[in-house]
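All of the numbers you see were taken from the coordinates with simple rules; none came from a lab. In this text the structure is predicted, and so the values were computed from the model without any measurement. No Cβ is skipped: glycine too gets one built from the backbone with ideal geometry, and neighbour counts run over all protein chains shown.
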Amino acid sequence: MLADCVARGTEQILRTCLAKHIKDRLYHCMTSSPDQLVDALKAAGEPTRLRILALLHRGDLAVGELVHILDQSQPRLSHHLKTLTVAGLVERLPEGSWVFYRAQSKGWAGRILAAVFAELDLDSPPFSDDVEALQQVRQTRAHSAEAYFSGIAEDWDRLRALYYPEAAIEQAILDQVKGEQFERIVDLGTGTGRMLTLLAPFAAESEGLDLSHNMLTVARANLNRGEIRNARVRQGDVTATPFESASADLVIVHQVLHYLEQPEDLLTEAARILKPGGRLLVVDFAPHDLDFLRESQGHRRLGIREEDMADWSNQAGLALQAPQKFDPPASLDQGLSVLIWTATRPANQQEAAA
Ligand SMILES: C[S@@+](CC[C@H](N)C(=O)[O-])C[C@H]1O[C@@H](n2cnc3c(N)ncnc32)[C@H](O)[C@@H]1O
C-alpha cells in the first residue's frame, strides 16, 4: 500500500497512508509524546525521505553516498536528513570529515520504522532502483578498503607470521561462545570487523567501534561481502564509548589493549556497558621484547602482563579467569604468545562480594 502511495507520489496521499497504517499499531507503542509522534510521521511522510529510510534500513550511509544513490543535491539531502534526525527516526554518526546516518532500530522510533518497512514492497521501484545504486556505492567502498589494505598488508603479514595460527585462536574464541545466543555483542577496536563476522551467528545484533575511518571502511566492505546483516560499526574511542550502560551481554576486545596508553580505562568502560552476568573476552599478546613493533605497528605496550590484567579487572569490578595461552610456532626463534582472557560482570552483589 505504501509503495503505491510512493508511486502515486503526492506528499498528502503518502502522509495519509502512513498515518492510517501506523494508527493501529500506536496502541502498542510506548511513545514519548504525541508531538514527537506527529513530527516523526510528518518526517517519514515525504517520498524522498521514505526512500532514504528504506536505504538506511539496509545499512548506515554517508551523505555523499546518498547523494550518489538518489541523484539529488547535497544541500537538499542534508535538509531531509536533518528533518529525519530531528524527528528521532535517524541517528547521526560523525566520522572524521564524514557523517554517517543510521535508521533507529530501538524504542518507539524503531517500532514505527519496522511497521513502515514491513508494509513497503522494497523490491519494487523506486526502492529496487535505489538498491541497485546502493550496490555501486558498496563496490566503491570495497575498492577504497582494498586500496587502504594493500598499503599495510605487508606489515600485517609480517606480524601474523610471529604468532600462533589465527584460525586456531579464532576456534578457541568460538569454543568460548558455542551453543550460546547473545542479544547484543560489542566489539571494541573492531578494525576490519573480523570478530563481528566470526561471532555474527551467535548474536541477535552486534556493533563494532573503532577510531579509524579507514578501518571502518574496510569493516563495512567486509560485512557487506559476508552478507552480515546483524552487525554495524561506528567511530568512537574504546575508552569512552557511545553505548548505553548494561546494554551488551558479550564484549570482545581482540588485539587492541596493547595500543592503549591506559588499558584499564577500556576495562572500566567494558564493565560499564556489560549487563550484569555479561562476559568480556580479551585477546592480546603476552609480554614480549620485540621492540620493532613499537615503530612498525604503533604498539604502545609490548604485550600485556597477567598481573596488570588482574589489577585492571579488579578495579573495574570484573571477575577474571586464568587465561588460555597459545605459544608461538616452535619453528621461530622469536615469536609472540597470544592470551585469551574471560572476565564476567557479577550478576548481583552477592556474586561481586564472593
Ligand atoms: C590490531 S587492530 C585489531 C582489530 C580487530 N579487533 C581485529 O582483531 O581484527 C587494532 C584496532 O584498534 C583500533 N584502536 C586503537 N586504539 C583505539 C581507541 N582508543 N579507540 C578505538 N579504536 C582503537 C585501531 O584503529 C585498530 O583498528
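Within the range 161-353, antiparallel bridges make up roughly 40 percent of the DSSP beta bridges whose residues both belong there. Listing V90, V63 from fewest to most neighbouring C-beta atoms within 10 Å gives V63, V90. Length gained on full extension, E183 to Q74, computed as 0.36 nm times the residue gap minus the Cα-Cα distance: 35.6 nm. DSSP bridge analysis restricted to the range 163-257 gives an antiparallel fraction near 5%, rounded to the nearest 5.
Here's how it looks for F100: its modeled amide H is under 5 Å from those of L93, E95, which are all 5 or more places away or on a different chain. Per-residue extension of 0.36 nm, minus the Cα-Cα distance of V131 and E261, leaves a gain of 42.5 nm for this segment.
At an R0 of 35 angstrom, the distance between the Cβ atoms of A204 and L332 translates into a FRET efficiency of 0.30. Using the Cα coordinates of the chain, the gyration tensor eigenvalues translate into equivalent-ellipsoid semi-axes of 42, 24, 16 Å, sorted from longest to shortest. Once the GluC sites (Glu not before Pro) in DSSP loops with at most 13 neighbouring Cβ atoms within 10 Å are cut out of the chain, the longest remaining piece is 1-179.
Dividing the alpha-carbon radius of gyration of the range 34-106 by the rule-of-thumb value 2.2 N^0.38 Å gives 1.02. For the chain, the tally of Lys pairs with Cα-Cα distances below 18 Å comes to 4, considering only residues 8 or more apart or on different chains. For the chain, the share of DSSP beta bridges that are antiparallel, to the nearest 5, is 50%.
By the beta-carbon count within 10 Å of each Cβ, the least crowded to most crowded order of S331, S337, fewest first, is S331, S337. Once you reduce the range 185-249 and the range 289-314 to the center of their Cα atoms, the two points are 23 Å from each other.
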